[in-house]
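To start, the structure under review is shown below, and the notes come after it.
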Amino acid sequence: MAPARTPTRTRTRTRQRSRQRVTAPRNRAAAGFLLPFCLLFLACFIAPIGYALYQSMLKVERTGALGLGSETQVFAGLSNYTHALEDDRFVAGFGRVLLFGAVQVPVMILLATVLALLLESASARGVVFFRAAFFLPYGVPGVIASILWGFLYVPGISPLVDVLHGAGWEVDFLSDGTLLWSIANIVLWQFTGYNMLVLISQLKAVPGDLYEAARIDGANAWQVAWRIKLPLMRPALVLTTVFSIIGTLQLFSEPLVLRPLTGNVDTGYTPNLHAYDEAFKSNNYHGAAAEAVLLALVACVLSFGFLRLVGRSGKGDDR
């Protein structure tokens, strides 16, 4: 004979069935809310990446005398990647943007952090005005910002250059040695306010009880900022740094706009600019796709490498 079911086991199975009946509609509702995002993510992110990878594996072969016949696309393997890595201008562009990021990103994050701490301090005055003023350059499109600063860099047109020359400083913002840092100044002017706003949002989430307890314990403003605010701003600092690293590798509009003003911006000044010229001037779309994939790969490696480095240091601090 089969053993009789006890009332306890019967009640347990009844509860499990009722939970399953309640959970199933919730799962369907969650899937319904996630479906639009998944479709957009697939169409706007995964599909373009897959198409770029596909294009980077092809090449064009021309038939007829002097290659003036018909064109056919054939499988090229990794030859487009090999040609890209053998191009000295493309590789030099990577070195240039890495140098740019090694200087510009820490300066921008440091300046954004200082501004965020000052605007959130108890003694700050006119917080709303200064916050809007610092964020306003982010609302200016990158091309327009480059045009504005380009006029300020050109001798004979720029009042800034005239003032510096009148003071005895012979400066050329568009020379070979200073052009990269002139571009860094444009990026710094445009994105520092955006990063500052992200950091301020993180500070707004800090409970005020922590500040009050620190003041009761006798902590001054510097100690509160160093011991409480900065550690709690760590997630926002990591986020803004990762965004800045990715943005550095995508440097494009600033050198493109400044190129007519100086002869020191060549077609390989940045990797993005080189890929643009390969696609739309040399009609080498497959080579440009390979360069774009390499650029994305380097951005992923640097971003995840930074995240891993920060994660290890965070574990060390916890210990």
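The values are calculated or read from the model by the stated rules, or taken from the named source; none is laboratory data. These numbers were taken from a predicted model, which means no experiment stands behind them. FYI the Cβ positions are ideal-geometry reconstructions off the backbone, even for glycines, and counts take in every protein chain you see. Ligands, DNA and RNA are excluded from the accessible area calculation, which covers all protein heavy atoms including side chains. Shrake-Rupley method; radii C 1.70, N 1.55, O 1.52, S 1.80 Å.
If I take R0 = 51 Å and measure r between the Cβ atoms of SER201 and ALA167 in this structure, what FRET efficiency does the formula 1/(1 + (r/R0)^6) give, to the nearest 0.05? Let's see the in-between values first.
Details: r = 40 Å, r/R0 = 0.79.
Efficiency, rounded to the nearest 0.05: 0.80.
Two decimals is fine: what is log10 I(q)/I(0) at q = 0.13, 0.18, 0.23 Å⁻¹ for region 75-166, from a Debye sum with one equal scatterer on every Cα and no solvent?
Treating every Cα as an identical point scatterer, log10 I(q)/I(0) equals -0.81, -1.07, -1.13.
Whole percent per 10 Å bin, from 0 to the bin with the longest distance: what is P(r) over all C-alpha pairs of region 197-301?
Calculated over all Cα pairs of region 197-301, the distribution is 13, 28, 19, 15, 15, 9, 1 percent.
Could you calculate the contour length gain from ARG26 to LYS281, that is, 0.36 nm times the residue separation minus the distance between their Cα atoms, to one decimal place in nm?
Numbers: separation 255, 0.36 × 255 = 91.80 nm, distance 5.33 nm.
Stretched out fully, the ARG26 to LYS281 stretch lengthens by 86.5 nm.
Given charges of +1 on the Cβ of Lys and Arg and -1 on the Cβ of Asp and Glu, with all other atoms neutral, how large is the dipole of the chain about its Cα centre, in debye to the nearest 20?
The calculation lands at about 3160 debye.
Accessible area of the chain with a 1.4 Å probe: how many percent of it is carbon plus sulfur?
Numbers: 13270 of 19900 Å².
In the chain, the share of accessible area belonging to carbon and sulfur is 67 percent.
Name the most mobile residue of ILE144, ILE186, ILE200, meaning the one with the largest mean-square fluctuation, in a Gaussian network model of the chain with Cα contacts below 10 Å.
Sorting by GNM fluctuation, first place goes to ILE144.
Given the options THR192, THR240, THR72, state which has the largest fluctuation in a GNM of the chain using a 10 Å cut-off (strictly under) for Cα springs.
THR72
At 222 nm, what value in deg cm²/dmol follows for the chain if DSSP H runs of at least 4 each add -39500 (n - 2.57) and the sum is divided by all its residues, to the nearest 500? Kindly include the intermediate steps, with their values, before the conclusion.
Working: 14 runs with 219 residues, N = 319.
Per the formula, -22500 deg cm²/dmol.
Restricting to lysines 8 or more places apart or on different chains, can you count the pairs in the chain with Cα atoms under 28 Å from each other? Walk me through the numbers on the way to the answer.
Details: LYS59/LYS281; LYS204/LYS229; LYS204/LYS315; LYS229/LYS315.
Eligible lysine pairs with Cα atoms under 28 Å apart amount to 4.
Once the piece of chain linking ARG312 and TYR211 is laid out straight, how much longer is it, given 0.36 nm per residue of separation minus the C-alpha distance between them? Working shown, then result.
Working: separation 101, 0.36 × 101 = 36.36 nm, distance 2.80 nm.
Gain in length upon complete extension: 33.6 nm.
Pull out the extension gain between GLU71 and LEU35, defined as 0.36 nm times the separation in residues minus the alpha carbon to alpha carbon distance; nm, one decimal. Numbers along the way, then the final one.
Numbers: separation 36, 0.36 × 36 = 12.96 nm, distance 4.08 nm.
Taking GLU71 through LEU35 to full extension adds about 8.9 nm, to one decimal.
Which is farthest toward the positive dipole end of the chain among SER253, GLY287, GLY77, measuring Cα position about the Cα centre, with Cβ charges +1 (Lys, Arg) and -1 (Asp, Glu)?
The Cα lying farthest towards the positive end belongs to GLY77.
Give me the distance in nm between label points sitting 7 Å out from Cα along the Cα-to-Cβ direction at ALA219 and VAL128, one decimal.
2.9 nm
Running a GNM on the chain with Cα contacts under 10 Å, which residue among ASN283, ASN264, ASN80 ends up with the highest mean-square fluctuation?
Of ASN283, ASN264, ASN80, the Gaussian network model singles out ASN283 as fluctuating most.
Just to confirm my numbers, what's the Cα centroid distance between region 126-201 and region 260-319 in Å?
23 Å
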